[in-house]
Amino acid sequence: DWTSGFYPGSMWLAYELTGDEALAEEARKYTNRLEDIQYYTGNHDIGFMMYCSYGNALRLKPEPKDKEILINSSESLCARFSPEIGLIRSWDFGDWSYPVIIDNMMNLEILFEATSLSGDSTFYNMAVSHADMTLKNHFRMDGSSYHVVDYDMRTGKVRSRCTAQGYSDESAWARGQAWGIYGYTMCYRYTRQLKYLEQAEAAYEFVCTHPNLPEDLIPYWDFDAVNIPHELRDASAAAIMAAALYELSMYSNKAKYKETADKVMHSLSSSDYRSKIGENHNFLLMHSVGSYPHGNEIDVPLIYADYYFLEALKRKRDCDIEAKSKSVQK
Ligand code: GLY
């Protein structure tokens, strides 16, 4: 499933945070179990699966075959790119013609990396094309994003804008907003194109000034869910957003990105969301929502909530180290 890279990825991040070699061994064991996925073309999620696992492996404790596996995985993802439409197709099921979901922005990271690893700019160009088309068609005037945009397979024109996991077609599904902030911040990292940074900032403004964002900054599963304040929170959306905002804070002089991320992390680390050791099936965070409309994973721990929480912790550490070294230089 799309989540298969998050357990090894979490182990890699935990290793990075602690230096504990036993965690690296566990990470490598579960990373290598995903090797066959490098040839998977059944949906767009290979970026999540292989970058969170092999991407972290290559960064932290590389083995010779990691690089080739990441490049092969990127080629598999590229098989879902249509040059006529300029986008990677997310899903092959449903009544859509050529559906693209906001989550797909996350899968571009492996493509940018594949160009760095191989020197082949094809991956980079496809990622940029996908980011540009998504920027043009996925966002509303207020900075929020649709979940699904369906393109006409023959003409490339937008057929409809709707949701699969949100409250309604016109609502703002919380995790989708977080994917957008993270995705465009990451695209700015690789391209330095200002329009990507501005899109990430616009999406942040939508979320952080929204009247339905609770005081502790952990969003309800959808900003427009009908029974707010009696709706469930989604800790996974909060963790993804915190990880993104630490990175965004590195590209901006505005203090608010790091301040917001710190506040989110403070909430997630409190007993409201962070489970006691040995409870919560040994996950770190409680209270996430997978897909409310499908009745799947409602108010549960989710491995990707833990993954992005760990990534946010690492990024927080990096930001704090950088701030300290700047203050020493002064
Ligand atoms: N990428 C799937 C989800 O966010 O639920």
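The values are calculated or read from the model by the stated rules, or taken from the named source; none is laboratory data. It should be emphasised that the depicted structure is a prediction, and the values quoted were computed from it without experimental measurement. A quick note on method: Cβ atoms are made from the backbone with ideal geometry, for glycine too, and the neighbour counts reach across all protein chains shown. Please note that ligands, DNA and RNA were not included when accessible areas were found on the heavy atoms of the full protein model with its side chains. Shrake-Rupley method; radii C 1.70, N 1.55, O 1.52, S 1.80 Å.
What is the sum of charges around Ser171, taking Lys and Arg as +1, Asp and Glu as -1, for the other residues whose C-beta is under 15 Å from the C-beta of Ser171? Net charge around Ser171: -4.
For the chain, the 222 nm mean residue ellipticity estimated from helices alone, with every DSSP H stretch of n ≥ 4 adding -39500 (n - 2.57) and the total spread over all residues, rounds to -16000 deg cm²/dmol. Just in region 146-221: which GluC sites (Glu not before Pro) are loop by DSSP and have at most 11 other Cβ atoms within 10 Å? Qualifying residues, ordered by number: Glu215.
State whether region 84-157 is rounded, prolate or oblate according to the following rule on the C-alpha gyration tensor (a ≥ b ≥ c being the square roots of its eigenvalues): a/c under 1.5 gives rounded; otherwise a/b larger than b/c gives prolate, and the remaining case gives oblate. Since a/c reaches 1.5 and a/b is larger than b/c, the shape of region 84-157 is classed as prolate. Of Asp103, Asp120, Asp272, the order by accessible heavy-atom surface (1.4 Å probe, DNA, RNA and ligands excluded), from most exposed downward, is Asp272, Asp120, Asp103.
Comparing Val226, Ala239, Tyr257 along the charge dipole axis of region 213-267, the residue lying farthest to the positive side is Tyr257, per the Cβ-charge model. Measure out, as a whole number of angstrom, how far apart the alpha-carbon centroids of region 184-203 and region 111-161 sit. After rounding, the separation between the Cα centres reads 13 Å.
Would you mind telling me the share, in percent, of accessible area of region 20-108 contributed by carbon and sulfur at probe 1.4 angstrom? All intermediate terms of the calculation are to be shown ahead of the outcome.
Working: 1820 of 3670 Å².
Answer for region 20-108: carbon and sulfur cover 49 percent of the accessible area.
Taking the Cα centre of region 220-322 as reference, the dipole from Cβ charges on Lys and Arg (+1) and Asp and Glu (-1) amounts to some 360 debye. Projecting the Cα atoms of Tyr167, Gln177, Pro301 onto the charge dipole of the chain, computed from C-beta unit charges around the Cα centre, puts Gln177 farthest toward the positive end. The GluC sites (Glu not before Pro) of region 225-283 that DSSP puts in a loop, and whose beta carbon has at most 12 other beta carbons within 10 Å, are Glu279. Relative to the current alpha-carbon distance between Lys326 and Glu198, full extension at 0.36 nm per residue lengthens the span by 43.5 nm. For the residue pairs Lys263/Lys316; Lys67/Lys316; Lys276/Lys316, the alpha carbons lie more than 18 Å apart in Lys67/Lys316; Lys276/Lys316.
Just how large is the dipole of region 72-145 about the Cα centre, in debye to the nearest 20, putting +1 at every Lys and Arg Cβ and -1 at every Asp and Glu Cβ? Working shown, then result.
Working: 4 positive and 10 negative charges, 30 e Å.
Approximately 140 debye in magnitude.
Below 14 angstrom from the Cβ of Ala305, what's the summed charge of the other residues (Lys, Arg +1; Asp, Glu -1)?
-3
Placing +1 on each Lys and Arg Cβ and -1 on each Asp and Glu Cβ, with no other charges, gives the chain a dipole about its Cα centre of roughly 920 debye. Considering only Ile46, His130, Ala22, and ranking their Cα positions along the charge dipole of region 1-156 that arises from unit charges at the beta-carbon of Lys, Arg, Asp and Glu, the one farthest toward the positive end is His130.
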